[in-house]
Amino acid sequence: MKKEIHPKSYRKVVFKDMSNGTSFLSQSTAASRETIDWEDGNTYPLIKLEISNTSHPFYTGKNVLVDTAGRIDKFRRKYAKN
């Protein structure tokens, strides 16, 4: 590994998945203007996420296909084995 390329200013930050409300405490260098009171009684910066491992279909196993104008059915008919 190359030396002196990693940031040295890691701090504890709360990440919150906005799609399901799940939060977790980790370390990051990301900047945030918002704060949140965490379970341990301390206040930490808050980073809002659109999706995390608690809501992503790959991790949850709930894969949802969005069928726009029957494209999935059209694809299946085109490539179906007779």
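Which lysines, if any, have their Cα less than 23 Å from the Cα of LYS48, not counting same-chain residues under 8 positions apart?
Output for LYS48: LYS8, LYS12, LYS16, LYS62.
As a footprinting exposure proxy, order MET18, MET1 by other Cβ within 10 Å, with the fewest listed first. Don't skip to the answer; put the middle values down first.
Values: MET18 12, MET1 4.
So the residues, fewest neighbours to most, are MET1, MET18.
For Rg and Dmax of the Cα atoms in Å, pick the label among (i) 15.0, 55; (ii) 12.0, 34; (iii) 20.4, 64 that corresponds to the value derived from the coordinates.
(iii)
Among SER26, GLY41, GLY70, which residue has its Cα furthest toward the positive end of the charge dipole of the range 11-79, with +1 on Lys/Arg Cβ and -1 on Asp/Glu Cβ?
Farthest towards the positive end: GLY70.
For the chain, give the magnitude of the charge dipole about the Cα centre (Cβ charges: +1 Lys/Arg, -1 Asp/Glu; no others), in debye to the nearest 20. Mind dumping the intermediate values first?
Numbers: 15 positive and 9 negative charges, 153 e Å.
In debye, rounded to 20, the chain gives about 740.
If I take R0 = 35 Å and measure r between the Cβ atoms of ASP73 and PHE24 in this structure, what FRET efficiency does the formula 1/(1 + (r/R0)^6) give, to the nearest 0.05?
Numbers: r = 39 Å, r/R0 = 1.12.
Rounded to the nearest 0.05, the efficiency is 0.35.
Under a straight-distance cross-link criterion of Cα-Cα below 16 Å, which aspartates and glutamates are reachable from LYS81, leaving out those fewer than 8 residues away in the same chain?
Within reach: ASP73.
Would you mind finding the longest exposed-site-free stretch of the chain, with exposed trypsin sites (Lys or Arg not before Pro) meaning DSSP loop and at most 10 other Cβ atoms within 10 Å?
Details: sites that count: LYS2, LYS3, LYS8, ARG33, LYS62, LYS81.
Counting at most 10 other Cβ atoms within 10 Å as exposed, the longest clean stretch of the chain is 34-61.
In the chain, what % of DSSP beta bridges are antiparallel (nearest 5)?
Values: 9 of 13 bridges.
Just about 70 percent of them are antiparallel.
Readers should treat all values here as calculations from the given coordinates under stated rules, not as data from a laboratory. Remember, it's a predicted structure, so these values are computed and weren't measured experimentally. FYI the Cβ positions are ideal-geometry reconstructions off the backbone, even for glycines, and counts take in every protein chain you see.
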